[in-house]
Amino acid sequence: MTIVETSEEALQKGLERCAQNWQRSVTSGRMSQAEVDKRKSLLTGSTDFEGTVGQADLVIEAVFENMAVKKEVFARLDKAARPGVVLASNTSTLDIDEIASATARPELVIGMHFFSPANVMRLLENVRGTKTGYPAIATATEIGKRIGKLPVLVGNCDGFVGNRMTGKRGPQVEKLLLEGCLPADIDRVMEAYGMAMGPLATGDLAGLDIGMAVRKARGTVAPIADAVCAQGRFGQKTGKGWYNYDENRKRIPAPEVEAIILDVAEKMQVRRRTIDDQEILERLLLPMVNEGARILEEGVAARAIDIDVIFCNGFGWPAFRGGPMFWADRMGLKAVRDKLAHYAEATGDRNMEPCALIEKLAAEGGSFAKGK
């Protein structure tokens with residue numbers, strides 16, 4: 001495998017980051033030193049874009065999450081890569097069809113969304129565009145299996161499956177923070193449910209600047225999250241985000257963030273209150289279930305189990321809970337429908353209004369697993 005970078009400085013930084021990640025795996029006992037040495041020997045780097053791409057059998061792009069940048073890179077990749085070579089994007093939200101439009105080989109363009117941290121998470125969300133051909137799908141699937149990932153094929157839409165669903169949770173996170181919660185309250189509830197990390201801690205790990213860039217591109221706002229980012233708090237990469245971090249990346253509640261939350265709530269004239277754990281849990285999970293049902297309606301995911309596999313392997317969802325759609329089936333879709341309607345009215349979030357599939361299955365006594 002060869003990493004291609006725009007400068008020698010960036011290249012060395014990337015190679016060093018790989019080595020550091022592997023070494024941490026040795027320290028934690030997840031990997032042997034012999035395996036690390038083998039991986040180092042197989043990894044090379046170059047700043048020769050055309051020369052390196054011209055020799056590649058598969059190209060996976062991982063530049064900044066910006067459509068203009070992606071299209072510029074794919075236009076260059078298309079010219080440099082040999083005929084028949086698959087061009088994959090590691091985009092987490094962007095339109096694969098638009099990226100493919102920058103090439104003369106849209107049938108060979110596919111999304112290969114590696115979940116963060118990519119050296120740990122098993123999930124590989126392969127995204128088929130409108131013109132993506134079977135050879136590209138087969139290539140992405142086989143490569144994923146060879147490197148120990150769990151590939152799941154999904155359709156092309158904003159955010160695909162995982163990020164599209166968690167994105168619908170975002171408005172409720174903001175509302176909960178405004179209405180009375182602190183980041184630690186939300187993360188505590190989700191981690192008690194069994195999540196490896198709560199949504200605020202996960203945001204710090206991924207980088208709050210990424211979410212800010214997505215909001216900016218979409219023309220949306222998140223008053224508290226935007227105010228946090230405005231203070232240069234982008235997460236673990238800057239040592240401060242929703243939390244403060246020590247040299248071991250241990251998260252510490254941040255008084256500065258609490259002050260931001262209280263300030264925004266006061267400016268928005270929101271009267272804060274005590275919110276119980278059950279309400280926090282339901283307001284975070286139900287909008288995801290609702291969006292998952294829309295995804296099934298649209299055929300972006302073929303089966304409810306595909307959605308659950310994505311969450312159990314890419315989002316730290318506790319396997320014993322079975323995933324969001326399984327969780328909803330266990331609750332019963334009549335109860336899911338009623339709770340969604342309640343929270344839609346109580347919070348003014350239209351995304352919480354039960355979608356057509358949930359209304360239908362609730363009326364028929366059906367389930368996501370059976371599809372009826």
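The values are calculated or read from the model by the stated rules, or taken from the named source; none is laboratory data. The structure displayed is predicted, hence computed values, not measured ones. Here Cβ is always computed from backbone atoms with ideal geometry, including for glycine, and neighbour counts include all displayed protein chains. Please note that ligands, DNA and RNA were not included when accessible areas were found on the heavy atoms of the full protein model with its side chains. Shrake-Rupley method; radii C 1.70, N 1.55, O 1.52, S 1.80 Å.
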Beyond 31 Å between alpha-carbons counts as too far, so tell me which of Lys175/Lys360; Lys79/Lys149; Lys149/Lys237; Lys13/Lys175; Lys38/Lys237 fall in that bin. Lys13/Lys175
Using a 1.4 Å probe on the protein chains only, how many percent of the accessible area of the chain belongs to carbon and sulfur? 53 percent
Helix 8-28: inclination vs the chain longest Cα principal axis, degrees, rounded to 10, gives 60 degrees
Given unit charges at Cβ for Lys, Arg (+) and Asp, Glu (-), the dipole magnitude of the chain about its Cα centre in debye, nearest 20, is 620 debye
With +1 on each Lys and Arg Cβ and -1 on each Asp and Glu Cβ, and nothing else charged, work out how big the dipole of segment 41-163 is about its Cα centre, in Debye to the nearest 20. 320 debye
Could you give the semi-axes, largest first, of the ellipsoid that matches segment 260-327, computed as the square roots of 5 times the alpha carbon gyration tensor eigenvalues and rounded to whole Å? 31, 15, 11
Directionally averaged shadow of segment 250-372, computed from the convex hull of its alpha-carbon atoms, nm²: 9.5 nm²
Top positive-direction residue, dipole computed over the chain with Cβ charges, set Gly29, Leu340, Asn66: Gly29
What helix-only [θ] at 222 nm does the chain give? Using -39500 (n - 2.57) per DSSP H run of at least 4, over all residues, to the nearest 500, the answer is -17000 deg cm²/dmol
What does the charge dipole of segment 175-228 about its Cα centre add up to, to the nearest 20 debye, if the Cβ of each Lys and Arg holds +1 and the Cβ of each Asp and Glu holds -1? 260 debye
Plugging the Cβ-Cβ distance of Asp97 and Phe49 into 1/(1 + (r/R0)^6) at R0 = 30 Å yields, to the nearest 0.05, a FRET efficiency of 0.80
Kirkwood Rh in Å, taken over the chain so that all alpha-carbon pairs contribute: 22.1 Å
Rg(Cα) of segment 1-65 divided by 2.2 N^0.38 Å? 1.24
Expressed as an acute angle from 0 to 90° and rounded to the nearest 10, what is the orientation of the C-alpha long axis of helix 33-42 relative to the principal long axis of the chain? 60 degrees
Which angle from 0 to 90°, rounded to the nearest 10, does the C-alpha axis of helix 208-218 make with the longest principal axis of the chain? 80 degrees
Solvent-accessible area per residue for the chain (1.4 angstrom probe, square angstrom): 49 Å²
Neighbours of Gly133 by Cβ distance under 13 Å: Lys/Arg at +1, Asp/Glu at -1, summed charge +2
Translational diffusion coefficient, Stokes-Einstein: compute it for segment 184-264 using the Kirkwood radius over C-alpha pairs as Rh, at 37 °C and 0.692 mPa s, and state it as an integer in µm² s⁻¹. 255 µm²/s
Using DSSP to define loop residues, name the chymotrypsin sites (Phe, Trp or Tyr not before Pro) in segment 6-90 whose beta-carbon has at most 12 other beta-carbon atoms within 10 Å. Phe64
For segment 319-372 versus segment 29-74, the gap between their alpha-carbon centres in whole angstrom: 41 Å
Neighbours of Leu11 by Cβ distance under 13 Å: Lys/Arg at +1, Asp/Glu at -1, summed charge -3
Can you pull out the trypsin sites (Lys or Arg not before Pro) in segment 174-274 whose DSSP state is coil and whose Cβ has at most 12 other Cβ atoms within 10 Å? Arg249, Lys250, Arg271, Arg273
